[in-house]
Amino acid sequence: MKRLKQFYQWMKGFIHLYIFGFALLIMAQYLTTLTPLFIQHIVDSIFGDAPSALPNLIQGLLIGETTQRILLMVALVSVGFTLIRLTIVFFQRVVIAHFSENVAYSMRNTLYAHLQDLSFSYHSTAETGDLIQRSTTDVDTFRRFIGEQFIDVVRLFFLMSFAVFQMFLMNVTMTFISLIMTPIIFVSASVYFVKVRKIFERVEKAEGKMTNAVQENVSGSRVVKAFQNERYEMDKFDETSQVFRDENMLLSKLMAFFWSGTDFMIFLQYTLTASFGIYFTIMGNMAPGQFIAFLSLLGMIVWPLRQLGRIIGDFGKTSVALDRIDEVMAEGSEHVDDSTFTPEIKGHITFNNVGFQFDDDVSPLLKNINFDVKPGETLAVIGKTGSGKSTLMSLLVRLLETTHGGITIDGHDIRSINKKHLRKNIGIILQEPFLFSKTVYENIGIMKKGANKESVEHAASIAKVHDDILGFEAGYKTIVGERGVTLSGGQKQRVAIARMLLENKPVLVFDDSLSAVDTETDIQIRRALMHHWQNTTVFIITHRITTAMEADKIIVLEDGEIKAFGNHATLLEEDGLYASLYNQQTNVASTLRKEGQ
Amino acid sequence: MVSNNKEILSKKALNERLKAEIDPTDPKNFKGGMRRRDTPPVGAKPKNIRETLFRLLSYMGVYKYAVLMVFLSLIAATFATLYIPTLFANSIDRYIDLDDFSRFDPTNLYRIVIIMAVLAGIGSIIRFFSRFIMVRISQNVVKKIREEAYDKLMKAPVDYYDKQGSGDIVSRLSNDVELISNSLGQTVLEVLNSSIVLLGAFVLMFLLNWALGLVVIAFIPIMILFTIKISKKTRKGFKEQQVHLASLNGIIEESVSGLKTVKLYNQEKPFTDEFEIENDKLKKAGFMAQFYSGLIWPFIHFMNNLIFLSVIAAGAVLYLFTPLVTIGQIAGVSQYSRQFIMPISNLAQLFNALMQGIAGAERVFELIDAEDEYENDGELAIDQFDGDISFENVTFGYTEDVVVLKDISFFAKKGEVIAIVGPTGGGKTTTIKLLNRFYDINAGEIKIDDKNINTLQKDELRRRIGVVLQDTHLFKGTVYDNIHYGDFTADKEAVIEAAKMANAHDFIIKLPKGYETEVYEGGQNFSQGERQLISIARTILNNPDLLILDEATSNIDTRTEAKIQESMRRLMKDRTSIVIAHRLQTIREANKILVIDHGKLIESGDHEELLNAKGFYYGLYKAQFEQ
C-alpha cells in the first residue's frame, strides 16, 4: 500500500492519461483474442454445423446470400477489426508515451529544482555522480517501468485472461489440458529471473572492476611507466578480465538453459494440446475450427508467460530507484521558512561568540569567535589548512548556519536577512573558483547579464587576466570549465576576481583567492583592487603572511579558535604563532637581502 | 527480443559514455590538461568494414571448426523447424478428406504430430548448443582482444595517452569491447538465424506452391521499405534522446559540483531555466522515439494479418477455379507467410547492431595497432648509473611543427643538484620529461654516463630514474600497497623504513588503519602534501640512481612543506638530481641553476653568479622573494 502511494505520488496530474491508456490497452487485448475465432467461424459455422464462438454482435455482420458472399464478409470484417485493433494499439502507445515522458519530465524538473535548494552541508557530503544518477538514471528506470514494464504486465494479464475466457466458452476440458504446463513455465521463469539478476550484478561488478583498472592506469600511466610496472599491471588486468569472462559464461549458460528449457516446455504443451485436440475432434467432442482456434489462443498464453517473470524482477529494481529519489526529496530545502527581510547593507560585521560544529563531528570546527569589522576596513584571517578559515566565511553567507552565537551585519542578525539577499551583497572569491562551461565572457559577466564588452574587458584587465584571454584561440569566446578548455589555477582565480569587479558589493571575501598567482602578480592585483574597493569591507583569508600584513586587523586562527588578534606590528611584538609564521616565510628572503647589500 | 537487445545495448553504451563523462574521480575531468574532454562518438560508422571483419574473424581462427559446426547445425535446425508447415500441408492433403471425415485415419495423424514434435525438439536442442558454443567462443575471443588491447595500452608511449585522452581510451576498452562481444555472441547468430529463416521460408514456400508464393512475395517490397524508414526514424529519436540526456547530465554535474558558486552568485534560477529547456527537448525526443517505435508493431501485425488473409483469399479463389492449389497448401503457405516479416524487421535492426560492433572493433584494433614504445628500444643493459647527465643541443616539440625546447645544453656531474627555474609554460616540465624517455627528442643528444639514452633499454633506464611529481598519482589500494609499488620485492620492514625516511611514517600511523588505510581513487582522501610524502617514500623504496623532482607550488601548509623539503633532501643525497624548484632554499643549495624561458636556456650558473649577472634570474628573484 505504501508502495502504491509512492508510485502514485509521481503520477499525480497525469493519472487520467494512464487510465485512458489502460482502457485502450484492455480493449485491444480483447480484440486480439477474437482473431482466431474468425477462422473458427469459417470452419465450424460456415462449412460445418457447429456453433460459432464469435460474439453475436459480430456474427450479425457476417451474413450473405451465398457462401462466397459470407466468406467475403468474414474477410472484410476481420480485416476491419484488425485495423481497429491496431489503431487502438497505436493510440494506446502514443497516450502511454505521452504520459510516461511527462511524468519523467516533471520528476526531473522537481528533482533538479530541489537539488539547487538543498543546503550546502547536504551537498558537501553527497556525491555528484550519485546525485546525477538519481535525477536521470533512476527517473528513467521509473519511466520505463510505468511506460513499458507495468504496461506489459497489464497487457499480458488481460491477453491471457481473455484467451482463457475464449477457451472456456468453447471447451472447458480442453482449456484445462491447455493450461497444464503454464504454472511450471511461470514458476521457472520467476525463479530464473531472480537468479539471473544476482549473477547479473556480479557480472556488472566484475565489469566495473575492469573499467576501474583501465581508468586508473590511464590516469596514472606515468607512474606505471616510471616504476616499470607494466607487466604487473597487465597481469592484474588479466585476472579481472578472467573473472569477468567466467561470470559472463555462467550467465550465458544459465540463459541458454532457460530459453531452450522453456522452449521445450512450450512445445510440450503444444504437443499435448494438439494430441488431445485431434483426439477430441475425431471423437466428435470438439469441432475442427475450435481445435484451430485453441492452438492460436494457446500461443497467446504460453509465450508471454516467460516475460512475466522478468517484469516481476523489474518491479524490485524500480522500487529501489524510487526510494533513492524520495530520499533526496525528503531533504529539506534551505529556502523554506527563509526571511523576506532585505535591508540595505553597509558592511559593519560583528561575530559574537560564534561556534560551529557539524552534526556528526565530535569536536567543533570553530568556537568563541569574536570580532568586529567596520565598513571600509580590511580584516585578514591567517591560519594553517584546517584551522577553520573557510568555515568562517561559509557562516557569513549562511552556506552553513552557526551552531553557537551569532553574526550581525549593520546590527541585524544575519538569520533575519533573506539568504539570497545576503549572498547578493557579500562577494566571495573562492580559492578554487568554479568556472561554468560557458564562454570566458559569460563567466565574467555571470552576475550581470548583458554586461557590455568594455566593462568586462576592463574588469579582466584589472584582474590581470585580459592578456591571458586574448592568448586563447577564441579569445573571450573560448569555452572554459569542465567541458571546455581547462584554465590554470591562477587564471581561474583571476577570472573569479574579474567577475567580482563588475558589481559593487559592500562586503568582499578573498578566500585564499590569489594563492595560485605568482607573488608579483598577486601584489599588482591587490594594489589595483585596494584602489577599486576603497569603501568596501574586505576579508582576506590566507596562509601567506605577505598577503595578510597590510590589513587593518589580523586574526590568527588555530584549531578553530582565535589565537591572536591585532595588526602586523602588534602581532609581531607578541612573538606568538604569527611571528613564527612570519619568520618561517620571510627570514630566508631577509637574510638574503642583507647578504646582497 | 531483438528490439530489446538493441535497447539494452544502447543504454549501456550511454551509461558508459556518461560514466566516462562525469566520473568525478577521474582527475582528468577536473584538473590539468588543456584539452576538451573526449567523448567517444556514439554510433559512429565503421570506415573499413571488410578489413575489420576479416581481422575479427581471424581471431576466431582457432575455433573455426567449432564455428563451422555451429553454422551448419543452425542451418539444419532452422530447416527442421521450417519444414513443419510443409509437413502440416502434406498431412492435411493426404489424410483428411474434406468431403468425408469418416474415412479419416487417426494413426497417420499421430505419426505426423510426433514427427513435428521431434523436429521442434531437435531444433531447440541444436539452437541451445549452438548458442552456448557461440557465446563461449565469443567470450574467449573478446577476452583475448581485451587483453591484447590492454597490453598494448601499457606499452604505448606517454604521447599516446596525451593524444587520445583518458575518456577515449577507457571507452575503447570497455564500451567498444562490449560492442564486439555483443556482435559476436548474439548479433552474428541472430543475423544468421534471420537470414536462414528468410531464405528457407522462401524456398520451402515456393516448393510447396509457387502461385501462393507469388502472392506473398508481392508484399515484401512494402514491408522492407516501411521497416527501413521507420527504424531510421526510431534510431534518430533514440540517438537524440541520448544526446539530450547527456547534456542534461552535464547541467546537473556542473551545478552540483559548482554548487558553492551557484549559491554564492544566486545562479539557481538561470540554471533551473536552462535545465527545463533541455529537459523539454529530452521529453520531446523521447516521445518521438516512442511514437515511431510504436508504429512498428501495429504495422507488423497488420501486415502479418493482411498477408495471411490474402493467401487464404487467393488460395480460396485458386482452389475453387483452378487445379493449382490444395487445401493443405493454402494452410502451409499461410503459415510460411507469417515467417517473413519478423526476419525482415529484425535484419534491419541487426544490421545496425552489426555495424556498431564492427565500428567498435575498428576502434579497438586502432588501439592494438598503436605504437609500441619498446619496439625501437635500445639494447644496452645497465647495472647502475654513476650519475653524469649531459644534455647536448637538445631540441624537442610535442608535435613536429611546434618546437617547445630549443638547443638546450647542460651538464650535471655525479651527485650534483640542478635546479631549473623560470616562468610557467617556459619549458621546465618538458625538460625533465625527456630524461626517462617519456618523449623522444627531435635533435641533439641526452647522455647518462656518456651513453646516449636512446641506446639504453628503456625499462632499465626508467628503473634507475626516480620521479616525484607535483601532482602525485596514488592508486586504489592501501597506503602500504602504494609505497610497495616502488619495489615489489621489498619486504614490510623496507617499506616502513622508506616511509620513515620520507617523513611519511608519522602521519601514516596516525591514520585510523595505519598502513592498511584505503586510498581512494586518485588519492582524494589525502592532502596534496601527504600524497607527495607517500610518493617520496615510494621513490625511496625504489632506490633510483638519478632523480627528477618537481617541487609543489602551493596549497601545502608550511609544516608539511618543511617535512617534504627535508625528505626530498634526504632523497637527493648522493644522487644526481634535476629539480624544478620553487623554494628559494632549494635553489640556493643547488650546484647549478638553469633558467629556462620560451624553450631556451637563457642563463645558468650558481645563485651568486646569477645574482651578480643581474639578468633574468636577478629580476625573477627580486620579484618572487623580496617585497
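Values in this text are rule-based calculations from the coordinates and carry no lab data. Predicted model, so just to flag it, every value in this text is computed and none were measured. Cβ placement follows ideal geometry from the backbone for every residue including glycine, while neighbour counts extend to all protein chains displayed.
Tabulated data
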read-out: Inter-label distance for B:S195 and B:Y65, nm, one decimal - labels placed 7 Å from Cα along Cα-to-Cβ; value: 2.4 nm
read-out: Relative packing of A:199-211, B:183-195, which averages over residues the other C-beta atoms within 10 Å, highest first; value: B:183-195, A:199-211
read-out: HN-Hα J in Hz across the stretch B:244-252 - Karplus 6.51, -1.76, 1.60, θ = phi - 60°, x for Gly and Pro; value: 5, 4, 5, 6, 5, 4, x, 5, 4
read-out: Partner chain coverage, peptide B:299-308 - average Cβ within 10 angstrom; value: 3
read-out: Model label zone, B:K413; criterion: amide N under 13 Å from point 7 Å along Cα-to-beta-carbon; scope the stretch B:377-393; value: B:388-389
read-out: Pairwise FRET efficiency - A:F20 versus A:L61, Cβ, R0 = 35 Å, nearest 0.05; value: 0.80
read-out: Test item: A:432-438 mean partner chain Cβ contacts at 10 Å; value: 5
read-out: Debye log10 I(q)/I(0) at q = 0.07, 0.11, 0.12 Å⁻¹ for chain B, Cα point scatterers; value: -0.66, -1.15, -1.28
read-out: Label-point separation, A:V194 to A:Q534 (7 Å along Cα→Cβ), nm; value: 8.0 nm
read-out: Label zone at B:N442 (point 7 Å along Cα-to-Cβ), backbone N below 17 Å, the stretch B:386-403; value: B:392-403
read-out: Helix axis angle, B:616-625 relative to chain B longest principal axis, alpha carbon, degrees; value: 90 degrees
read-out: Dipole of the stretch B:476-543, positive end: most advanced residue of B:Q528, B:F507, B:H484 [Cβ charges, Cα centre]; value: B:Q528
read-out: Peptides ranked, highest mean first, by Cβ atoms within 10 Å: ranges A:218-228, B:74-84; value: A:218-228, B:74-84
read-out: Potential extension, B:Y374-B:T429 segment - 0.36 nm per residue separation minus Cα distance; value: 17.5 nm
read-out: Cα gyration tensor shape of the stretch A:349-596, rounded if a/c is under 1.5, else prolate or oblate by comparing a/b with b/c; value: oblate
read-out: Amide H partners (placed H, <5 Å) of B:G466, local residues excluded; value: B:D545, B:L546, B:L547, B:I548
read-out: Inverse mean reciprocal Cα-Cα distance (Kirkwood Rh) of the protein assembly as shown, Å; value: 35.6 Å
read-out: Calculated FRET efficiency for the pair B:N393/A:R202, C-beta based, R₀ 51 Å, to 0.05; value: 0.30
read-out: Between helix B:327-337 and chain B: long-axis angle, C-alpha atoms, 0 to 90°, nearest 10; value: 10 degrees
read-out: Global geometry of chain A, whether rounded, prolate or oblate, following the gyration tensor of its Cα atoms and the 1.5 cut on a/c; value: prolate
read-out: Cα-projected label distance for B:I327 with A:K236, points at 7 Å along beta-carbon direction, nm; value: 7.5 nm
read-out: Whole-angstrom Cα spans of the stretch A:140-191 along principal axes, big to small; value: 45, 25, 6
read-out: Calculated FRET value between B:V317 and A:F91, using beta carbons and R₀ = 45 Å, to 0.05; value: 0.85
read-out: Links that overshoot a 28 Å alpha carbon limit, given the list B:K406/B:K563; B:K260/B:K428; A:K424/A:K477; A:K12/B:K284; A:K438/B:K284; A:K205/B:K269; value: B:K406/B:K563; B:K260/B:K428; A:K205/B:K269
read-out: 5 angstrom amide H check on A:S339, placed H, neighbours 5+ away; value: A:K419
read-out: Relative contact order of chain A, defined on C-alpha pairs under 8 angstrom at six or more residues apart (%); value: 14 percent
read-out: Net length gained if the chain between A:K5 and A:N368 were fully extended (0.36 nm per residue, minus Cα distance); value: 125.9 nm
read-out: Residues of the stretch B:387-415 with amide N under 18 Å of the 7 Å Cα→Cβ point at B:D574; value: B:387-388, B:413-415
read-out: Potential lengthening between B:L72 and B:V243 on full extension [0.36 nm per residue; Cα-Cα distance subtracted]; value: 57.4 nm
read-out: Angle in degrees between helix B:188-208 and the longest Cα principal axis of chain B, rounded to the nearest 10; value: 20 degrees
read-out: The protein assembly as shown - charge dipole about Cα centre, Lys and Arg +1 at Cβ, Asp and Glu -1, debye rounded to 20; value: 3420 debye
read-out: Overall form of the stretch B:363-440 per C-alpha gyration tensor (a/c, 1.5; a/b vs b/c); value: oblate
read-out: Per-residue average of Cβ from other chains inside 10 Å of B:163-176; value: 3
read-out: Kyte-Doolittle at least 0.5, axis length at least 15 Å by Cα - qualifying DSSP helices, chain A; value: A:15-40, A:67-117, A:150-170, A:288-330
read-out: For peptides B:400-410, B:369-379, B:601-611, sequence by mean Cβ density within 10 Å, most packed first; value: B:601-611, B:400-410, B:369-379
